[in-house]
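Bear in mind these aren't lab numbers, they're just calculated from the coordinates by the rules spelled out. Because the structure is a prediction, the values reported are computed rather than measured. Here the Cβ positions follow ideal geometry from the backbone for every residue, glycine too, while neighbour counts run over all protein chains shown.
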Amino acid sequence: MRKIVTLSICMAVFLALFSANLAVAAQVTLRFSDWHLTEDVWNKSLNEGMDIFHKRHSNIKVVLEPVSYKEKETKYTVESAAGRAPDVFHVHAFSLPMFFSKGFAKDLTSFIEKEGPGFMDAWYPLPIDLMKSKGKIHAMPGDYMTMVLFYNTEMFKAAGLNPNNPPKTCDDFLDYAKKLTRDTDGDGKIDQWGFGTLGSKSPGFSMRFGPFLWSFGGDYLTPDMKHSALDSPEAKEAFTFFVELYTKHKVIPPGLTAMGAQDVRTQLAQKKVAMIMGSGWTPPIVNKINPDLKAFEVLKCAPAPTKRKQATAIWLSSWVMSPTTKHPNEAWELIKFITSKEIELKWFVDNRVTSSRKDVSGVAPEILNDKFASVMASQLPYGKVEPQIKQWPEIIDTFTTSLQEAIVGMKTPDKALAEAHERINAILAR
Amino acid sequence: MRIKDRHMWIFFVLPGVLLLILVLGFPAITSVLYSVKPEQAGDVSYTLSHYSNLLKDPFFKTIFWNTGIFVFLSVGTHMILGLAVAMVLNSALPAQPLFRLIALLPWVIPDVVAGIIWKWMFDPIYGAINDVLLKMGMIQSSIEWLSNPKLALLSVVLVNLWRGFPFVMLILLAGLQAIPKVLYEAAAIDGASNLKTFFYITIPGLRKMIVVALALDIVWEVRRFGLIQSMTQGGPGVLTEVLSTYTYKQYFQFFRFEYASAISVVLTVVLLLVSLPYIWMISQEE
């Protein structure tokens, strides 16, 4: 009897250990990488999101891999080339053509088809189009926002401007910027500027310059995207307007060509500038930099200033599945989860980023009643995206190089723009 | 048995050789192969067009020139400051280990961190450098260190001087310590001035170390990337763009792997040419 009891206990222990091992063996580990993981607010939100995912998919374990905003393309390129890219990663929409051209993004058509007809109807058509390579969807759209003008209402009041009447035209904008450029401590030196913007060679530059260029009626490229369109009078006018904000009107703080996005947000947070171009991410980040500012109360936003037509830039991010993933079905489950209606709404509530889903950005009361998101959503019909061609990073770098040369006075705006036009044509002709 | 012993060295050398082939040879060969691969898949299996395109590249000449100036100024200032600090640290200084540690500090800070710190110090609004100069009355308004076309490259070189001199200093300090003291004592007995002692004893005694420091520092500075990328990203315009940042941009931002590889090959050839005196000196010693 004793032997039987002992044997039974041993077998029970063995079976328990064996089944536990089986459970562990059945668990799939996915690598998930996102630059947002380096940002406090987003990091918390993403971790909470993954906790929900883990509860619903006990067989999948998601390992989070942070990457810096600037280095994400570098990291994913190298890892993709080596066949070791994260199973799911997050990139700008404008980076997609390069990933597509190198075969670094998995075709998602079969997964989408399995979800049944009408699955993609929940998204706006433009973001879906931008996810396609050779007519097939190779990524899922993420954040979808417009660039708008953020301004500090207290600084408006201090300069005698009505904070409920933000600048609507580019002429108003210049007038406001001049009034907001002031010597606030009376030492005879300007210590507050009307407008803060990027001037460095950074991925965010075109998001800030694009609204001006398009509003003036100009564009970077011709509609067929085969030639530069920077020789148009409208493009010249927009280029000169932007350069002269710095060189002639001096409404932008010194050191423009070295300023990146975080530098400019810091200037807004520290009340060094009164207006910047931004989007959903701006209030939480500014609040984080300087909580004393009370960004959510003090800041307001308005549509980008208009010259000839209302226009702004669209920010669109995308979720990519690595073609070398060993667990495509689980990776799809993860992508489906992070782009679901429920979770897209969570991303908005936590991080103020609007979604590329119509059934979130178009109807959610949280978005429609939010003072920032409502303005951004109202601008979606006027939004434009940067050219989705693989040469775009090189083109915008060439353009920024010329703009910097004009800003620092090495060349006249006309000459700098003419050189950019020629060089971009050479890139496109290659 | 004797024959086996004679060939035993192969087994000792083989792991090192294989490791070298793996970590150096493989990437080098891959780069060369990439540099002759057409960007678009077509009829030809190889092309030299990437090399000829370098000559047509509107920025390449300027960037090559920038790299030369950056390396010349950086290495030149490293040698002067490195030698000066090495001589101070070689003298009978109180708390010598502490000063040696302090002198080494800039070298242990990563390039990118150093670049970000100095970018903030150069900031025209918040930067400590402008603030100090304004308070001292040396300037009337903030200087745009990284945006002024006349100052941008010099500002980066200045930071690189701070960042890179300890490397040269270390090599020269080792060289100074190897010079026999009796030579200085003999010179003092003969009544040689400090200047003559420096030129006739110190410099000849350091000759080999100077060549080593020069060759290694040139190679380091041609490859300097993180500092420039974090401070200016090559701007304004292409005034601070150097070959390392341009290669990075072509490869990782523009996805032009083949063109970037061609630039890398050219850079390697230039570095090999620069390293020849060093290689020659080492071979002469043997």
Amide H contacts under 5 Å for A:ASP107, placed H, 5+ residues apart: none
If I fit a long axis through the Cα atoms of helix A:413-429 and take the longest principal axis of the Cα atoms of chain A, what angle between them do I get, 0 to 90°, rounded to 10? 40 degrees
Would you grab the residues whose amide H sits under 5 Å from the one on A:VAL273? Only those 5+ places off in sequence or on another chain, please, with H modelled 1.01 Å from N. A:TRP193, A:LEU268
How large is Rg over Rh for segment A:243-362, taking Rg from the Cα atoms and Rh as the Kirkwood inverse mean of 1/r across Cα pairs? 1.07
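Starting from the coordinates of the alpha-carbon atoms of segment B:162-244, obtain the Kirkwood hydrodynamic radius over all distinct pairs and give the value in Å to one decimal. Kindly include the intermediate steps, with their values, before the conclusion.
Values: mean 1/r = 0.0653 Å⁻¹.
Evaluated on segment B:162-244, it is 15.3 Å.
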With viscosity set to 0.890 mPa s at 25 °C, what whole-number translational diffusion coefficient in µm²/s follows for the protein assembly as shown from Stokes-Einstein and a Kirkwood radius over Cα pairs? 84 µm²/s
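On a full-extension model of 0.36 nm per residue, what is the gain between A:SER340 and A:GLU244, subtracting their alpha-carbon distance, rounded to one decimal in nm?
Numbers: separation 96, 0.36 × 96 = 34.56 nm, distance 4.47 nm.
Contour length minus Cα-Cα distance gives 30.1 nm.
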Using the Kirkwood formula on the Cα atoms of segment A:162-252, what hydrodynamic radius do you get, in angstrom to one decimal? 14.7 Å
Based solely on C-alpha atoms, express the radius of gyration and the Dmax of segment A:51-97 in angstrom. 13.0, 35
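Counting other beta carbons within 10 Å of each Cβ, put A:CYS170, A:CYS301 in order, fewest first. All intermediate terms of the calculation are to be shown ahead of the outcome.
Details: A:CYS170 20, A:CYS301 26.
So the residues, fewest neighbours to most, are A:CYS170, A:CYS301.
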Filtered hits (lysines, Cα-Cα < 22 Å from A:LYS179, offset >= 8 within chain) -> A:LYS157, A:LYS168, A:LYS189, A:LYS248, A:LYS250, A:LYS271, A:LYS272, A:LYS300, A:LYS307
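Provide the three semi-axes, in whole Å and in decreasing order, of the ellipsoid equivalent to segment A:74-135 as defined by the square roots of 5 times the Cα gyration tensor eigenvalues. If you can, show how the numbers build up before the last one.
Numbers: eigenvalues 112, 37, 20 Å².
Ellipsoid half-lengths, sorted descending, are 24, 14, 10 Å.
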Where Lys and Arg each count +1 and Asp and Glu each count -1, what net charge lies around B:ILE143 among other residues with Cβ under 13 Å from its Cβ? -2
Using a Gaussian network model of chain A with C-alpha springs under 10 Å, which one of A:VAL353, A:VAL286, A:VAL63 is most mobile by mean-square fluctuation? A:VAL63
For segment B:29-36, what does the Karplus curve 6.51 cos²θ - 1.76 cosθ + 1.60, with θ = phi - 60°, yield as ³J(HN,Hα) per residue in whole Hz, taken in order and with x for Gly and Pro? 5, 4, 4, 4, 5, 4, 5, 10
Short version: ³J(HN,Hα) in whole Hz for each residue of segment A:204-217, in order, from phi by Karplus 6.51 cos²θ - 1.76 cosθ + 1.60 (θ = phi - 60°), x for Gly and Pro, what are they? x, 4, 5, 5, 8, 7, x, x, 5, 4, 5, 5, 6, x
According to the square roots a ≥ b ≥ c of the eigenvalues of the Cα gyration tensor, what is the shape class of segment B:73-230, taking rounded for a/c under 1.5, prolate for a/b larger than b/c otherwise, and oblate for the remainder? prolate
Mind scanning A:LYS346/A:LYS390; A:LYS55/A:LYS114; A:LYS114/A:LYS341; A:LYS44/A:LYS371 and naming the pairs with a C-alpha gap bigger than 29 Å? A:LYS346/A:LYS390
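Trypsin sites (Lys or Arg not before Pro) within segment A:204-277: which are DSSP loop residues with at most 12 other Cβ atoms inside 10 Å?
Details: sites: A:ARG208, A:LYS226, A:LYS236, A:LYS248, A:LYS250, A:ARG265, A:LYS271, A:LYS272; in loops: A:LYS226, A:LYS248, A:LYS250, A:LYS271, A:LYS272.
Those satisfying the criteria are A:LYS226, A:LYS248.
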If we count other beta carbons within 10 Å of each Cβ, what is the order of A:ASP370, B:ASP123, A:ASP185, fewest first? A:ASP185, A:ASP370, B:ASP123
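Please work out the FRET efficiency for the pair A:GLU71 and B:ILE69, using the Cβ-Cβ distance as r and a Förster radius of 35 Å; give the result to the nearest 0.05. Please list the in-between numbers first.
Numbers: r = 28 Å, r/R0 = 0.79.
For R0 = 35 Å, the calculated efficiency reads 0.80.
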Loop only per DSSP, at most 14 neighbouring Cβ atoms within 10 Å: give me the GluC sites (Glu not before Pro) in segment A:107-186, ordered by residue number. A:GLU115
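Tell me, A:ASP51, B:ASP131, A:ASP224 in order of fewest to most beta-carbon neighbours within 10 Å? Mind dumping the intermediate values first?
Working: A:ASP51 11, B:ASP131 14, A:ASP224 6.
If I rank by nearby Cβ atoms, fewest first, I get A:ASP224, A:ASP51, B:ASP131.
Just to be sure I understand: of the beta bridges DSSP finds with both ends in the protein assembly as shown, what percent are antiparallel, rounded to 5?
Working: 24 of 39 bridges.
Of all bridge pairs located within the protein assembly as shown, approximately 60 percent are antiparallel.
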Apply the Karplus parameterisation 6.51 cos²θ - 1.76 cosθ + 1.60, with θ equal to phi minus 60°, to every residue of segment A:147-155 and state each ³J(HN,Hα) to the nearest whole Hz, in sequence, with x for glycine and proline. 7, 10, 8, 8, 9, 8, 5, 5, 5
Long-range amide H contacts for A:LYS61: which residues qualify at under 5 Å (H placed 1.01 Å from N, peptide plane, sequence gap of 5 or more or a different chain)? A:VAL28, A:THR29, A:LEU30
Separation in nanometres of the label points that stand 7 Å from Cα toward Cβ, at A:LYS226 and A:SER110: 3.6 nm
Pair A:ALA426, A:ARG182: separation of 7 Å Cα→Cβ label points (nm): 4.8 nm
Could you tell me, in Å, what Rg and Dmax come out for the Cα atoms of segment B:76-149? 16.2, 43
When only alpha-carbon atoms count, how far does chain B stretch along each of its three principal axes, as whole angstroms with the largest first? 79, 77, 29
Aspartates and glutamates near A:LYS411 by alpha-carbon distance under 20 Å, same-chain residues fewer than 8 away left out - which ones? A:ASP231, A:GLU234, A:GLU237, A:GLU244, A:ASP397, A:GLU419, A:GLU422, B:ASP57, B:GLU144, B:GLU241
Give me the number: length gained by fully extending A:ASP121 to A:ASN329, i.e. 0.36 nm times residue separation minus the C-alpha to C-alpha distance, one decimal in nm. 72.7 nm
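Taking the Cβ of B:PHE252 as the centre, find all other residues whose Cβ is under 11 Å away and add up their charges (Lys, Arg: +1; Asp, Glu: -1). Display every interim value, and only then the final one.
Values: positive: A:LYS70, A:LYS72, A:LYS75, B:LYS249, B:ARG256; negative: A:GLU71, A:GLU73.
Here the count lands on +3.
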Starting from the exponent 0.38 and prefactor 2.2 Å, build the expected Rg for segment B:1-144 from its residue count and divide its actual Cα Rg by it. 1.78
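Compute the whole-percent fraction of alpha carbon pairs in segment B:211-261 spaced more than 11 Å apart.
Numbers: 885 of 1275 pairs.
Taking all Cα-Cα pairs of segment B:211-261, the fraction more than 11 Å apart is 69 percent.
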Once the other residues with Cβ under 13 Å from the Cβ of A:GLY260 are scored (Lys, Arg +1; Asp, Glu -1), what is the net sum? +3
